[in-house]
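Contents: one structure, followed by commentary.
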Amino acid sequence: MNIFSKLSWFIKAEWKRYLIGISDLLFLAILHIFPPLIIGMIVDELNKHTLTWQTLLFQVFLILLLTLIDYGMRFIWRYALFGGAAKLEQTLRGRLFHHYLKMDEKFFQKYRVGDLMAHATNDISAVQQVVGGGVLSLVDAIVTGLTTIFAMIFIVSPKLTALTLIPMPFLAWTAFVLGKWMHKAYDHYQASFSRLDDKAQESMSGIKVIKSLGQEKEDFDDFAGLTQKSYRAARKIFYIDPLFDLSAQLFIGMTYVLTIFIGGGMVAAGSLSVGKLVSYFSYILNLTWPMFAIGQIFNIMERGDASYDRINFLMHEKSSIIESMHDDQKIPNGDLSYQIKSFEYPDDQDPALTNVKFDVKQGQMLGIVGPVGSGKSSIIKLLLRTFDEYDGEIVYSSKNIKEYSLDSYLHAIGYVPQDNFLFTSTIGENIKFARYDASISEIKQAAQIADIDRDIENFPKKYDTMVGQRGVSLSGGQQQRIAIARALITDPDILILDDALSAVDALTEKNILHNLKHERNGKTTVILAQRLSSVMDANEIIVMGSGSIVERGTHEELLALKGWYFDTWNKQESDRMGGLTDG
């Protein structure tokens, strides 16, 4: 029952709702004392041959009236308790999703997507059942059990009650032991289900790769293996769960046997009437539900407890990115100064960046190039505050970027990543994602700068065209240009293109760069690229190698150095001219 102390914050907040529900259940439990009592009275009058039609009709009417009252009261407690359960589910799901949005990259490297989804679905549903069906079962079992036992003692016979309820302590002890087993088994099952959920999500996202490489059978075998492990974990629960009901049936059966022998003897001895014995059997029937509920209660509580612990563990994960509490929330703009002495990724001994220093005046363009793994993306990750733990500082608009709140700082930046993620929505909604109040004219203007407007106008539904899952209905170049338009819609002071022109042809690249130069006058642009033609017009180009700057200058200055940039430029130009000749 430890789960109730963990959820006390919610129960206290919703105390009126639970007061109504619990009071209703208590009233119903008292109400249920009377039908067996009335039935017993009818039997005794039948036995004495004193029952009249008038008395019988009146007693039947009382039973019908009690049934109608029972119906109305059940509606009230269902509305109160299950309404509270739905509110807890909404609250927890909102908190968990908000927590996910606040977490840093390290968190998402540690936890896989399927695992996080399982926490937000299965685990929250298990906790929700605690404050709905769990509270109902617990309170109903307690009040029904106590009021029924009270009626058995004071209305029928304390001696008969004491002797026939001997099995009850053994049932409680059995439920306690089985509850411990259930908690462990369910925790193991939820972990296995998280792995299965993650595998399914990953396979669906990478279905094109799986099919193109002919790995359907291997992927299915991997999925089947995880399914088998999940099944074995679930089977342990299925072994334990029926034991609750079987135990209740066993002890209820023992209670009935004791009642027949002891109660029958008392009737024969004349110390108990037949009617009261019939009432007693009815009370045992009322007591059946609390006995069976013990299993259900422990099942719900242990599942909820295990799931709440899993959710709580995630909620206590801290982001390494610390928000400034002193920022005035104004979106900054100005010059950028990047001064990093050293930066290592978490759990990595080798530095990803060493002595990387450059300045970008507002309105200038900076190009960053270099071979794969040279540190280009690491520069951008620090600029975007994906990681904050490094030796050095990054100053923007005369202020260390760590002194800004993330909300105000990141609103000054428009970022187009290498992986152009598009949401399953329309083209227009994808473009205005960062500024949902943008007008259609502003959306079209961003699309024109990104040189995608003519493509969109050729679609039958134009800006209302659905892009499909992750933009599957569009080409790679179209996806990139829509992502660029999405970054431009906020008119950011700094635009970062992280190899965001790799999927477009040379002419389209030229048009986009021309549009950026003329439409973003006075705004800063940072371009990371493999294709050097993307940065040839930059005010400064830095060449990265092994985490450090190995060359820097303008396009002409770098060609004059005859280093890596010179060699790469000549090779790319040779490949381009060769391609034109072949065409």
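Rule-based calculations on the coordinates, nothing more; no lab input. Computed from a predicted model, the values in this text were never measured in an experiment. Using ideal geometry, Cβ is built from the backbone for each residue, glycine included, and neighbour counts are taken over all protein chains shown.
The length gained by stretching the chain between T91 and E573 to full extension, at 0.36 nm per residue less their Cα-Cα distance, is 167.7 nm. Can you list the aspartates and glutamates whose alpha carbon sits under 13 Å from that of K236, skipping same-chain ones fewer than 8 residues off? The reachable aspartates and glutamates, counting only those whose Cα sits under 13 Å from K236, are D187. Once the Cα-Cα distance is subtracted from the 0.36 nm per residue extended length, the Q530 to S548 segment shows a gain of 4.8 nm. What FRET efficiency, computed as 1/(1 + (r/R0)^6) with R0 = 56 Å and r the Cβ-Cβ distance, is obtained for R435 and Y239, rounded to the nearest 0.05? Efficiency, rounded to the nearest 0.05: 0.50. For the range 1-91, lysine pairs separated by 8 or more sequence positions, or belonging to different chains, with Cα-Cα distances below 24 Å total 4.
With each label modelled as a point 7 angstrom along the Cα→C-beta vector, the D388-H518 pair spans 4.2 nm. For K571, a cut-off of 16 angstrom between C-alpha atoms picks up these lysines, skipping any fewer than 8 places away in its own chain: K562. Prolate is the label for the chain. Its Cα gyration tensor axes, ordered a ≥ b ≥ c, give a/c of at least 1.5 and a/b above b/c.
Amide H contacts of K399: none lie under 5 Å away among residues 5 or more positions distant or on a separate chain (H built 1.01 Å from N in the peptide plane; Pro and chain starts excluded). Rounded to the nearest 20 debye, the dipole magnitude of the range 335-396 is 360 debye, with +1 charges on Lys and Arg beta carbons, -1 on Asp and Glu beta carbons, and the Cα centre as origin. Here the gap between Q249 and W9, fully extended at 0.36 nm per residue and compared with their Cα-Cα distance, gives a gain of 82.8 nm.
For the listed peptides 298-304, 28-34, 460-466, 53-59, a ranking on the average number of other beta carbons within 10 Å per residue, highest first, reads 298-304, 28-34, 460-466, 53-59. In this label model, S475 and Q109 are separated by 3.6 nm, measuring between points 7 Å along each Cα→Cβ vector.
Under a 5 Å amide H cut-off, with hydrogens placed 1.01 Å from N, I496 pairs with G414, Y415, V416, V526 among residues at least 5 apart or on other chains. Here the range 363-390 and the range 110-166 have alpha carbon centers that stand 56 Å from each other.
Computed from Cα positions, the angle between helix 564-582 and the longest principal axis of the chain comes to roughly 90 degrees. Note on the range 2-315: with charges restricted to the Cβ of Lys and Arg (+1) and Asp and Glu (-1), its dipole about the Cα centre is near 380 debye. The distance between label points at D359 and Q228 comes to 6.5 nm (points 7 Å beyond Cα on the Cα→Cβ vector). Summary of the geometry: the range 1-77 and the range 220-279, compared by the centres of their Cα atoms, lie 24 Å apart. Taking the longest Cα principal axis of the chain as reference, the axis of helix 216-269 is set at about 20 degrees.
Computed from Cα atoms, the angle from the helix 274-315 axis to the main principal axis of the chain rounds to 20 degrees.
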